[in-house]
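Each reported figure results from applying straightforward, stated rules to the coordinates on display, with no laboratory input. Source: prediction; values computed, not measured. Here the Cβ positions follow ideal geometry from the backbone for every residue, glycine too, while neighbour counts run over all protein chains shown.
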Amino acid sequence: MKVITLFLILSAVAFPAVVSGQNTKFDPHDLTGKWARNSNNQGFANVPETGRGNFPEAPFTPAGRAVYEKNFPGYGPRANATLRNDPMGSCDPLGIPRNLNAEVVSSHNWWEITSAPDRLIQFFEWHHEYRVIYTDGRKLPDVNAALDPKWNGYSVGRWEGDTFVVDSIGFDERTWLDKFGYPHTDEMKLQERYRRVDANTLELTMVLTDPKYYTKPFESDRKVFKLNALQFEKPWDEQIYCVPSEEQKFNRLIRDPASGK
Amino acid sequence: MRRNLSSILGVVAIVSFAGSAVAHHGTSITYEMDKTITVSGTVTEFDFGYPHPSLFFDVTDEKGQVVKWGAEFLPTPAALKNLGWTKETIKFNDKVVLGCHPSKSGKPVCALASLSINGKPISVGGGPGVAPAPGAAPQRGAPATEPTTPAGGAPRGQRQ
């Protein structure tokens, strides 16, 4: 009995992060893998997918609301077929946080995390782009310095227990927060909190602060992602790209005439 | 324009209830998703690309005039591949009959709901992000079986 007890103690010391979840062992500090969103909401906050009924009012400043009202999405309660100016419609970069949340579910898209000793890298299928999250202990650039905005911002990550916390600044303000047209400025600060709750499930919540456009921190709902939850028999046989020339042709010959744009 | 559409030979508008419309790239604000029309034509081009494959075809009206039509598939290529589709499934000069949701603008563009190629029905899946099991019946816009109604005579679809 003492031998067994000693073995268990030694095992716990040797493999402290390996726990069991849904009958499968996993390391809660290992976020690597290909993740497809399982939660339905493709908005940053909890906007119903149908765009009908109740949706939360963002805590806009007057300046934020003015920009919001000039963004014409193809979805949701403000969908506008003829004025739509969603960056996705021209294959423009989606940026963070939208890359994390834009049609990641289903056939269109997913994202993948790989790791290196000093960083995590997220790959986004739709644009075949990536985003670096530094984990080497560096600090974010001085927000008061003249930062060159990036589509995906500057990001650093750290562990708080089993939660991976990513803080980011320096975003290009041409992107939308989501497909419903919520705007942000280049002064937006974003915090993402990732938690691997079992072998197959990753949860993400986000909160942004952007005082020019939002009077208080704007919180996302809880996003749930599943590991390798692709719907297809041969996911390796896919090449999903947003190709500008193809998108332009699609818009010119199909979508624009159909909508009267 | 709607009157023009209804006069095109081979275009028959049929009222049907297509079930839940899935908004994608503004699909439901662009097409009359609660109506289905039938369009017959000859294929000029098939783009099996993202985000939605497109089909271009010629429809000859009652005066013998050729009208250029376009249709978008609601599923992605990946979803269609699960149903056995390839870029060669539709070829130039194929004869096609489409059940599809007409555009709200009245122009000769529609969102595909059902399809037959050279007289043979083929599943076109169930919409964006939906990957029916191989061999499954179409989940929306089944081939029309109801009496015909002019294109402009049906209620407009609810915006999403």
* Excluding residues fewer than 8 places away in the same chain, name every one of the aspartates and glutamates whose C-alpha is closer than 20 Å to that of B:Lys68. => A:Glu246, A:Glu247, A:Asp256, B:Glu32, B:Glu45, B:Asp47, B:Asp58, B:Asp94
* Write down the Å³ per residue value for the convex hull defined by the alpha carbon atoms of region A:166-212. => 87 Å³
* Asked: Between A:Asp172 and A:Gln191, 0.36 nm times their residue separation minus their Cα-Cα distance comes to what?
  -> 5.2 nm
* How much FRET efficiency would the formula 1/(1 + (r/R0)^6) give for A:Leu140 and A:Glu246, where r is the Cβ-Cβ distance and R0 is 45 Å, rounded to 0.05? -> 0.75
* Asked: Using alpha-carbon pairs under 8 Å, 6+ residues apart, how would you state the relative contact order of region A:32-259 in percent?
  -> 24 percent
* To do: Quote the FRET efficiency, to the nearest 0.05, computed for A:Arg222 versus A:Thr61 with a Förster distance R0 of 22 Å and r equal to the Cβ-Cβ distance.
  => 0.30
* Structure fact -> In nanometres, the difference between 0.36 nm per residue of separation and the alpha-carbon distance of B:Thr44 and B:Ile117 is 25.0 nm
* Asked: Can you pick out the pairs among A:Lys25/B:Lys81; A:Lys249/B:Lys120; A:Lys70/A:Lys261; A:Lys226/B:Lys35; A:Lys179/B:Lys35; B:Lys91/B:Lys120 whose Cα atoms lie more than 24 Å from each other?
  -> A:Lys25/B:Lys81; A:Lys249/B:Lys120; A:Lys226/B:Lys35; A:Lys179/B:Lys35
* Percent RCO, i.e. relative contact order, over region A:112-196, from Cα pairs under 8 Å lying at least 6 residues apart -> 21 percent
